[in-house]
1. Contact list please: Cβ distance under 6 Å, first residue in the range 3-29 and within 19 Å of residue 104 (Cα to Cα) and modelled with pLDDT under 95, second residue surrounded by 10 or more Cβ atoms within 10 Å (Cβ to Cβ) and among the aliphatic types (A, V, I, L, M), pairs at least six apart or on different chains.
2. For residue 41, work out the one condition from (1) more than 21 Å from residue 83 (Cβ to Cβ); (2) free of Cβ contacts under 8 Å to residues at least 40 places away in the same chain it doesn't fulfil.
Amino acid sequence: MSPEPVPLASVVAGATGSGVVWALPTGAGVNVNLVRLDDAESIGEHVNDAVDVVLVGVAGTATVTVDGLDVALGPGELLVVPAGARRAVSAREGAAGYLSLHRERGGLMPRGS
C-alpha cells in the first residue's frame with residue numbers, strides 16, 4: 001500500500017447512496033471504512049462486543065445514538081464507542097459521511113437489538 005492521502009470529504013461528496021464508499025484493504029491490522037448516509041438514512045441499533053470503535057465525522061452531521069444517548073457528530077469530530085455499547089447512526093439535515101475505525105478482527109458481526 002502506498003502512502004498517499006485519501007481525500008475523504010471529496011470521496012463522500014462524489015458518492016451517491018448509503019453505505020461504505022471507501023475501505024482500507026484487509027490485512028492492515030485495522031478496519032477503516034468511510035460510510036456515507038443519505039439524508040434521513042440510518043444504520044440500525046446494534047452491539048459490537050469485540051472492540052471499541054472510533055467514529056470520525058467527515059461531512060454533514062450524523063446523530064450517533066450510544067446506549068440511548070444522542071450525540072451529534074460533525075466534520076472533524078471524533079467519538080469513541082466502547083465495546084458492548086448499543087449504537088445506531090443516522091444522517092440529519094442532509095447526507096453525512098464518517099469514518100469507522102477499529103482493530104481488525106475476523107468473522108465477527110455486530111449483533112442486532
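1. 24/32
2. The failed condition is (2).
The values are calculated or read from the model by the stated rules, or taken from the named source; none is laboratory data. Here the structure is a predicted model, which is why all the values come from computation and not from measurement. Counting neighbours? That spans all protein chains shown, and the Cβs are built from the backbone with ideal geometry, glycine included.
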